[in-house]
Amino acid sequence: MAFSFGRGPAAAAMTVALALVCTPTAARADGPAISVEVTPTGSARYYEPCSGTEVWGVAAGRESPDFDKGNYQVCNYPSSEVAFNPWANGLGTEYNSMARDHIIEQSHGEWFPHNMQSKCTYWMPTGPNRSALISEIVQTYQVKLIYKYPDGSTKIADTTQGTYSGNKSVTWNPGCWTR
């Protein structure tokens, strides 16, 4: 999933919040303690086509004895996701799991996302002719890898952007039929 940062609705819907800083790792004998800082930068609603569409059922028209067995187009999607852009200096990748936890905490998100399905009934002969569109709220974050040295000085060693997407729903076009 790719997102553009700093443009469009996300830039217009900026939020102000405090950054979350992880407890630093223990400093090596002469090395820095390492922490990850996560700061919210915005939130916007995004739309993307469903990439996990399947067709279930039998190709049965209304007059067929198999009609009641059901024909569905199915959109499979995760309930939420955390994603990162590449780290600027390539140093922060091993800290993605720490950053992920802080992004979920800041987003009040799901710790354990689950697989979701949206089903849309179709009838032959028109067949599975619908497209699914996923709507989601995407929250963006600035993520920093910070080195704190024994002398008290600090350095931002690496940066990236992360996103949390949740509150997902699916709409079908044209709409789904009901019996």
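The values are calculated or read from the model by the stated rules, or taken from the named source; none is laboratory data. Computed from a predicted model, the values in this text were never measured in an experiment. Note that each Cβ is placed from the backbone with ideal geometry, even for glycine, and that neighbours are counted across all protein chains shown. Protein only, heavy atoms only, side chains kept; ligands, DNA and RNA dropped before computing areas. Shrake-Rupley method; radii C 1.70, N 1.55, O 1.52, S 1.80 Å.
Name the single residue, out of those in region 44-62 being at pLDDT 90 or above and loosely packed, with under 14 Cβ neighbours inside 10 Å, that is farthest from the chain's Cα centre (by Cα).
To start, the set of residues in region 44-62 that are at pLDDT 90 or above comprises 44-50.
If we keep only those that are loosely packed, with under 14 Cβ neighbours inside 10 Å as well, we get 45, 47, 49.
Numbers: 45: 12, 47: 12, 49: 14 Å.
Step by step, filter region 44-62, then rank; the result is 49.
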All but one of (1) out of contact with any Cys (no Cβ under 9 Å at 6 or more places or on another chain); (2) under 16 Å from residue 35 (Cβ atoms); (3) aliphatic (A, V, I, L, M); (4) modelled with pLDDT of 95 or more hold for residue 99; which doesn't?
(1)
What do you reckon, is residue 166 within 25 Å of residue 47 (Cβ to Cβ), in a strand (DSSP E or B) and in contact with a helix residue (DSSP H, G or I) (Cβ under 6 Å, 6 or more places away or on another chain)?
no
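For the condition within 25 Å of residue 47 (Cα to Cα) and outside any helix (DSSP H, G or I), what is the one hit in 105, 136?
136
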Picking from 106, 139, which residue would you name as being open to solvent by 20 Å² or more (accessible area, probe 1.4 Å) and modelled with pLDDT under 95?
106
With assigned to a loop (DSSP other than H, G, I, E, B), surrounded by fewer than 14 Cβ atoms within 10 Å (Cβ to Cβ), modelled with pLDDT of 85 or more and not hydrophobic (A, V, I, L, M, F, W, C) as the only criterion, which of 65, 86 stands out?
86
Pairs, first farther than 12 Å from residue 37 by Cα and open to solvent by 90 Å² or more (accessible area, probe 1.4 Å) in region 147-173, second in a strand (DSSP E or B) and of a type in the set (Asp, Glu), C-beta under 9 Å, six or more apart
167/136
Residue 134 versus (1) surrounded by 18 or more Cβ atoms within 10 Å (Cβ to Cβ); (2) under 13 Å from the mean Cα position of the chain (by Cα); (3) within 30 Å of residue 32 (Cα to Cα): which is the lone unmet condition?
(3)
